[in-house]
Amino acid sequence: MAMRTQMLATLLRARPTAMRVAPAFARPSSSAHGQETFESFTERYVNFFKSAEDLFEVQRGLNNCFAHDLVPAPSVIEAALHAARRVNDYSTAVRIFEGVKEKVENKQQYQQYLDELKGVREELGVSTREELYSS
Amino acid sequence: MQALRLARPRVALRPISGTRSIAATANASHTASPSASTSSQAAIPLSNVEAQWERLSSDEQYQVHRQLEDIQKKDWRTLSIDEKKAAYYVAFGPHGPRKPHSNPGDGLKIAGSVVVAIAAAGLVFFGVRSQAPPPPKTINKEWEEAANQRAIEQKLDPITGIASEGYSGTGFVQHK
């Protein structure tokens with residue numbers, strides 16, 4: 001008799017945990033918090049840089065914008081460059097391209113960014129760090 | 001991935017009038033020594049700021065900041081490469097908190113030092129061993145076989161051990 005109860009206890013202990021503890025309080029992960037799409041992210045930061053009025057704001061925005069797991073769209077970079085121009089900080093403009101270089105996956109992508117932003121770079125006279133230190 | 005560290009230390013060095021009034025009062029030492037700032041009022045050349053930045057006094061660095069601030073207000077297309085480089089260096093160059101922890105060539109130096117340290121340790125190890133006394137006279141095969149014979153003579157451990165019938169173990173012999 002004692003042997004049988006012991007066996008029963010062993011069997012009960014061996015059952016998988018999920019069977020024993022009913023998930024009464026567990027709640028399936030919700031999708032109620034919508035993910036921000038890339039487009040709305042871009043729009044948000046373009047608007048931010050358009051309204052940023054001092055260097056601190058611009059640099060704060062850049063820090064936030066480059067902290068996401070994505071490379072900001074060229075339109076965001078362009079807005080940021082114009083913001084840097086507005087607050088008269090050339091070094092920040094150079095730094096933006098350094099940030100892009102850091103975020104992209106390979107040199108081709110960086111080159112694509114440079115080509116895409118060639119117009120605004122020439123308009124503002126922003127050179128990249130490589131251009132500054134190669135000559 | 002290396003995080004972007006945008007210019008924070010500049011706040012301490014460049015009190016902007018109005019919005020940065022707290023920083024301005026905190027850096028009152030700049031303005032508290034008028035004799036020093038007036039004596040170095042001549043424009044500091046920006047052509048080689050990288051080389052001399054570390055040697056500039058904080059007043060001179062502040063003056064360079066002010067100079068660059070005025071320069072950056074101009075059309076950026078008209079800036080010379082030296083002015084651009086100076087502006088970039090002062091804001092984001094490798095000085096102050098951005099100073100790199102290691103210099104190029106440090107890896108080789110570290111690897112070399114490790115090799116030298118290991119060689120020195122090996123030298124000490126073999127040096128000490130060469131000065132050691134010889135091993136005890138009991139640690140050799142002959143002595144161990146003699147010990148076996150003596151154990152059998154004395155009928156040591158006669159049931160399961162060395163002096164038992166049909167014993168096939170090595171007894172006291174440990175040398176191969």
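The values are calculated or read from the model by the stated rules, or taken from the named source; none is laboratory data. These numbers were taken from a predicted model, which means no experiment stands behind them. Cβ sites come from the backbone with ideal geometry, for glycine too, and all protein chains shown count toward neighbours. Accessible surface areas use protein heavy atoms only, side chains included; no ligands, DNA or RNA. Shrake-Rupley method; radii C 1.70, N 1.55, O 1.52, S 1.80 Å.
For B:LYS99, go through the lysines and keep the ones whose alpha-carbon is under 19 Å away, minus same-chain ones fewer than eight residues off. Within reach: B:LYS85.
Once A binds B, the 1.4 Å probe can no longer reach about 2500 Å² of accessible area, counting both sides.
Taking every C-alpha pair closer than 8 Å and separated by at least 6 residues, the mean separation divided by the residue count of the range A:38-134 gives a relative contact order of 27 percent.
FRET efficiency for the A:HIS68 to B:SER80 pair, using the beta carbon distance and R₀ = 25 Å, is estimated at 0.10.
The residues of the range B:77-156 have, on average, 75 Å² of accessible surface per residue, using a 1.4 Å probe with all protein chains present. Other protein chain C-beta atoms within 10 Å of residue C-beta, averaged over B:83-91: 5.
In straight-distance terms, cross-link reach from B:LYS137 covers every one of the lysines whose alpha-carbon lies under 29 Å from its own, apart from those fewer than eight places away in the same chain; here that gives B:LYS155, B:LYS176.
Check the straight Cα-Cα distances from B:LYS84 and name the lysines below 17 Å, setting aside those fewer than 8 residues away within the same chain. Once the sequence-local lysines are set aside, what remains near B:LYS84 is B:LYS73, B:LYS74.
Backbone amide hydrogens, once placed in the peptide plane, bring B:TYR167 within less than 5 Å of nothing, excluding anything fewer than 5 places away on its chain.
Peptides A:114-126, A:68-80 ranked from most to least packed, by the mean per-residue count of other Cβ atoms within 10 Å: A:68-80, A:114-126.
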